[in-house]
Amino acid sequence: MFLGTHTPRLDDKGRLFLPAKFRDRLADGLVMTKGQEHCLYVFPADGFAALAEDLQKGPTSSKAVRDYVRVFLSGAFDEVPDKQGRVTIPATLRDYANLSRDCTVIGTGNRVEVWDTPAWDAYLVRSEQAFSEQSEEVIPGLF
């Protein structure tokens with residue numbers, strides 16, 4: 001499970017050091033793609049394969065399903081971290097997420113998200129108050 005918040009830097013070649021606690025799970029390969037709110041989603045290769053298989057089960061008669069699958073899968077890149085735990089983030093994904101030198105990498109359970117640090121900070125400002133005030137169940141039966 002991926003947990004926590006980390007603040008690595010993107011180097012001049014577009015490479016990012018994966019947080020040490022995530023490296024073992026991602027060492028055999030990963031897939032990164034566009035996520036919501038203009039961050040990047042990073043999945044272990046096997047986890048992404050299962051997710052992509054589930055996405056393919058969606059009804060192709062639904063325009064929303066077709067649109068989502070197209071954007072999600074066409075923006076995906078597979079990578080294998082180097083021996084130092086670095087991955088290269090393709091330019092198209094760096095542009096999509098507006099990644100600058102300072103990045104924030106968070107664990108969200110089954111995936112890792114990569115955010116431009118100012119975008120992450122702004123997201124937290126918008127979201128933390130609503131999180132603390134949530135009085136109804138977000139996920140029914142969980143709390």
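So which of Leu10, Leu73 is among the aliphatic types (A, V, I, L, M), at pLDDT 95 or above and under 17 Å from Trp115 (Cβ atoms)?
Working: Leu73 fails: under 17 Å from Trp115 (Cβ atoms).
Every option except Leu10 fails the conditions.
List, please: which pairs have Cβ atoms under 9 Å, are six or more places apart or on different chains, and start with a residue in the range 122-135 that is touching a residue at least 60 places away in the same chain (Cβ under 8 Å) and end with one that is in a helix (DSSP H, G or I) and surrounded by 10 or more Cβ atoms within 10 Å (Cβ to Cβ)?
The qualifying pairs are Tyr123/Glu37.
Any residue at all in the range 11-26 that is under 18 Å from Tyr123 (Cβ atoms) and basic (Lys, Arg)?
Filtering the range 11-26 for residues under 18 Å from Tyr123 (Cβ atoms) gives none.
There is no residue in the range 11-26 that is under 18 Å from Tyr123 (Cβ atoms) and basic (Lys, Arg).
Among the residues of the range 1-39, write down those that are among the β-branched types (Val, Ile, Thr) and either in contact with a Lys or Arg (Cβ under 8 Å, 6 or more places away or on another chain) or surrounded by fewer than 14 Cβ atoms within 10 Å (Cβ to Cβ) (or both).
Once the filter is applied, which keeps residues that are among the β-branched types (Val, Ile, Thr) and either in contact with a Lys or Arg (Cβ under 8 Å, 6 or more places away or on another chain) or surrounded by fewer than 14 Cβ atoms within 10 Å (Cβ to Cβ) (or both), the range 1-39 yields Thr5, Thr7.
Does any residue in the range 81-97 that is over 17 Å from Phe43 (Cα atoms) come within less than 6 Å, Cβ to Cβ, of a residue that is part of a strand (DSSP E or B) six or more places away or on a different chain, and which pairs are these?
Here the result reads Tyr96/Lys34, each pair linking the range 81-97 to a residue that is part of a strand (DSSP E or B).
Identify, from the list Leu16, Leu51, Leu99, Leu93, the residue that is touching a Leu at 6+ places or on another chain (Cβ under 7 Å), of a type outside the set (Gly, Ala, Ser) and in a helix (DSSP H, G or I).
Numbers: Leu16 fails: in a helix (DSSP H, G or I); Leu51 fails: touching a Leu at 6+ places or on another chain (Cβ under 7 Å); Leu99 fails: in a helix (DSSP H, G or I).
Exactly one of Leu16, Leu51, Leu99, Leu93 is touching a Leu at 6+ places or on another chain (Cβ under 7 Å), of a type outside the set (Gly, Ala, Ser) and in a helix (DSSP H, G or I), namely Leu93.
Only one of Val112, Val87 is in contact with a Pro (Cβ under 6 Å, 6 or more places away or on another chain) and either surrounded by 13 or more Cβ atoms within 10 Å (Cβ to Cβ) or among the β-branched types (Val, Ile, Thr) (or both). Can you tell me which?
Matching residue, one of Val112, Val87: Val87.
Regarding Lys57, is this residue surrounded by fewer than 17 Cβ atoms within 10 Å (Cβ to Cβ), assigned to a loop (DSSP other than H, G, I, E, B), on the phi < 0 side of the Ramachandran plot and among the charged types (D, E, K, R)? Steps first, answer last, please.
Working: surrounded by fewer than 17 Cβ atoms within 10 Å (Cβ to Cβ): yes; assigned to a loop (DSSP other than H, G, I, E, B): yes; on the phi < 0 side of the Ramachandran plot: yes; among the charged types (D, E, K, R): yes.
Yes; evaluated as a whole, the condition is true for this residue.
Anything in the range 21-76 that is within 16 Å of the chain's Cα centre (by Cα) and of a type in the set (Val, Ile, Thr)? List them, or say none.
If the condition is that a residue be within 16 Å of the chain's Cα centre (by Cα) and of a type in the set (Val, Ile, Thr), then Val31, Thr33, Val42, Val69, Val71 are the ones that fit.
Does Pro81 satisfy the condition of being of a type outside the set (A, V, I, L, M), within 17 Å of Glu113 (Cα to Cα) and outside any helix (DSSP H, G or I)? Working first, answer last.
Details: of a type outside the set (A, V, I, L, M): yes; within 17 Å of Glu113 (Cα to Cα): yes; outside any helix (DSSP H, G or I): yes.
Yes.
The values are calculated or read from the model by the stated rules, or taken from the named source; none is laboratory data. These figures come from a predicted structure and were not determined experimentally. So basically every Cβ, Gly included, is an ideal-geometry build from the backbone, and we count neighbours across all protein chains shown.
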